[in-house]
Amino acid sequence: MEMNNINRRDFVKMMGAAGAATTGAILLPFEAYAGANGHVVVVGGGTGGATCANYLTRWAPNAKVTLIEKDSKYSTCFFSNEVIMGMATMDSITYGYDGLKKRGVNVVHDTVTGIDTGGKKVITGSGSISYDILVLSPGITFDHSTVDGSSDAVAEQMPHAWKAGPQTSLLAKQIAGMRQGGLLIIAPPENPFRCPPGPYERAALALAHFKEHNPTAQVVILDAKEKHSKQGAFREGWTRVYGGEATAEGNFEGPNLKWIKGSNGGKVVEVDGATNTVITEDGEEHKGDVVNYIPKQVAGAICKDAGLVNATGWCDVDLDFKSKVCDIVFVIGDASVASPMPKSGHSASSQAKNVAATIAAQMAGEEAPPWTGSNTCYSFISEKYGISVVAIYAVKDGKRVKVKGAGGVAFKGKSLRHHAKEAKYARGWYKGITSDMFG
Ligand SMILES: Cc1cc2nc3c(=O)[nH]c(=O)nc-3n(C[C@H](O)[C@H](O)[C@H](O)COP(=O)(O)OP(=O)(O)OC[C@H]3O[C@@H](n4cnc5c(N)ncnc54)[C@H](O)[C@@H]3O)c2cc1C
């Protein structure tokens, strides 16, 4: 099929599928929605928001696009585990907004403190901004209500490093300074949470770091869950690169790594930052030299303030990612309930492009292209080896579903040469997703 024979609908559909391999920039081979006029305000200049603003400038070139982001720089969570383990620098994962400004996005650095959906305006620290269509991609906030002692202040002793930035640097500093033979505790929360494979990649890269710098150090994952994302792939990777195996009780145990499932004493119910101790449901006290306690999460605070969250703290959305509470507000990224899509950067990027196309079509009075989504999630087992999971999503019988037979988990029985290639693909994926965000 030649490019000039592809219509807009087919192209968007195709790019949804292509996004499974890379989120590389979509170039416009066709006329954009020239009739799309109006003011779109996007709140949150992270993965979902920056990508959406960027693509709106391509697909709705005559619309005004304002991006409101509280910080002047954004550090990606993806690849931040490498920074924490001393394998990359903060600079290599940190971006400014000049690229988006050059593309014509009106970037406003301010905090949105309220949303007036009736009056179609957002309230910011310095005034208010009116919109015709609003997109929210504010990411996550922490919910400290289920673990005693949990608070934002505790993160200064026990860094979660689950929002990249100063927390990433703090955990990196603690890991680099850990005493020889010390103990790193990683305590991931219950589902759902941002980046389900993230804690297990972090453990793998910690093993890689310690192998070189602190060979007798131990890593213990105290998990709130009974099983975790990409469990088979991680276990195979951990075993092949660092040794160890599943135990009869359903834990994992290696020379320098233990993973303890929730019902076996893994579930953390109390934390004490002053003594670097976490207490599990069975009453056991675990004192770490470094404790990476990752609290439970809910949608970014502005969603709750605007009355857009459900009883579990996340935003219900329809098949177009319009809020089920207010249909002139789109919610994308981690804040939305996009099941079966996981809360990942790739999901947020895929949703952002679909929503940009939907908004452009809607403003031009045309039919929106059909929805397709994708997620590719790479994780490092070491700096050299990677694993991945790929899924394609579509709408079937009025529901968002995973397309059967498309995607899969790349690990079982594959050679280390294959996993070395996966690590290279991961670096290519990173270039693609960040160029989609920042131009
Ligand atoms: C350790 C780790 C590793 C990860 N690795 C991967 C990976 O390999 N692949 C992958 O696909 N995903 C990965 N992720 C997940 C990915 O980072 C998130 O899913 C993604 O960033 C979600 O995008 P978002 O737009 O919803 O939120 P974010 O990217 O967090 O963006 C939200 C933005 O909104 C801004 N904001 C919030 N509230 C306001 C307000 N009131 N006013 C103004 N601005 C506001 C914030 O400052 C922020 O910039 C990882 C996450 C972690 C923690």
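Grab the DSSP H runs of the chain that are 4 residues or longer, score each as -39,500 (n - 2.57), total them, divide by all residues and round the 222 nm result to the nearest 500 deg cm²/dmol.
Value at 222 nm, helices only: -8500 deg cm²/dmol.
Between the stretch 88-142 and the stretch 254-319, how far is it from one alpha carbon centroid to the other, in angstrom?
28
Give me the one-decimal nm value for the distance between modelled label points at Asp318 and Lys384, 7 Å along each residue's Cα-to-Cβ direction.
The modelled label-to-label distance comes out at 5.3 nm.
Where only protein heavy atoms count, and the probe is 1.4 Å, what is the accessible area per residue for the stretch 31-71 in Å²?
Accessible surface, normalised per residue, equals 25 Å².
Calculate the length of the line joining the C-alpha centroid of the stretch 223-243 to that of the stretch 36-72, in whole Å.
38
Please give me the summed charge of the neighbours of Ala63: other residues whose Cβ is under 13 Å from its Cβ, Lys and Arg +1, Asp and Glu -1.
Neighbour charge sum, excluding Ala63 itself: +2.
Once the other residues with Cβ under 11 Å from the Cβ of Thr146 are scored (Lys, Arg +1; Asp, Glu -1), what is the net sum?
Summing Lys and Arg as +1 and Asp and Glu as -1 gives -2.
Starting from the Cα gyration tensor of the chain, take the square roots of the eigenvalues, sort them a ≥ b ≥ c, and report rounded, prolate or oblate (rounded when a/c is under 1.5, otherwise prolate if a/b is larger than b/c, else oblate).
prolate
Mean-square fluctuation check for the chain, GNM, Cα pairs under 10 Å: which of Lys402, Lys70, Lys102 is largest?
In the Gaussian network model the winner is Lys102.
For the stretch 193-286, run through the trypsin sites (Lys or Arg not before Pro) and keep only the ones in DSSP coil with at most 13 other Cβ atoms within 10 Å of their Cβ.
Passing sites in the stretch 193-286 are Lys227.
Specify whether the C-alpha gyration tensor of the stretch 146-296 places it in the rounded, prolate or oblate class, a ≥ b ≥ c being the square roots of the eigenvalues: rounded for a/c under 1.5, otherwise prolate if a/b is larger than b/c and oblate if not.
rounded
I'd like the antiparallel share, as a percent to the nearest 5, of DSSP beta bridges with both residues in the stretch 146-296.
Given both bridge residues lie in the stretch 146-296, the antiparallel proportion sits at roughly 45 percent.
Work out the FRET efficiency for Ser92 and Gln180 from their Cβ-Cβ distance, taking R0 = 30 Å, and round it to the nearest 0.05.
0.60
How much length is gained if the chain between Cys326 and Ala153 is pulled fully straight, taking 0.36 nm per residue apart and subtracting their Cα-Cα distance, in nm to one decimal?
58.9 nm
Quote to one decimal, in nm, the extra length available between Asp132 and Ser415 on full extension: 0.36 nm per residue of separation minus the C-alpha distance between them.
Extending this stretch completely gives an extra 96.6 nm.
Just the number, please: carbon plus sulfur as a percent of the accessible area of the chain, 1.4 Å probe, no ligands or DNA/RNA counted.
Accessible surface attributable to carbon and sulfur in the chain totals 51 percent.
For Asp272, what charge total do you get from the other residues with a beta carbon under 10 Å from its beta carbon, if Lys and Arg give +1 and Asp and Glu give -1?
Spelling it out: positives minus negatives among the neighbours equals -2.
Calculate the spin-label point distance for Asn37 paired with Glu366, positioning each point 7 Å from the Cα along the beta-carbon direction, and give it in nanometres.
1.7
Can you give me the accessible area per residue for the stretch 285-432, using a 1.4 Å probe, in Å²?
42
Which one of Ala248, Ala274, Ser229 is farthest out on the positive end of the charge dipole of the stretch 146-296, using unit charges on Cβ (Lys, Arg +1; Asp, Glu -1) and the Cα centre as origin?
Result: Ser229.
When the chain is fully extended, how far beyond the present Cα-Cα distance does Ser145 get from Asn106, taking 0.36 nm per residue of separation?
10.3 nm
The values are calculated or read from the model by the stated rules, or taken from the named source; none is laboratory data. Keep in mind that what you see is a predicted model, and the values were worked out from it rather than measured. When we count neighbours, we look across all protein chains shown, and the Cβ atoms used for this are built from the backbone with ideal geometry, even at glycine. Just so you know, the surface numbers come from the protein's heavy atoms only, side chains and all, with ligands and any DNA or RNA stripped out. Shrake-Rupley method; radii C 1.70, N 1.55, O 1.52, S 1.80 Å.
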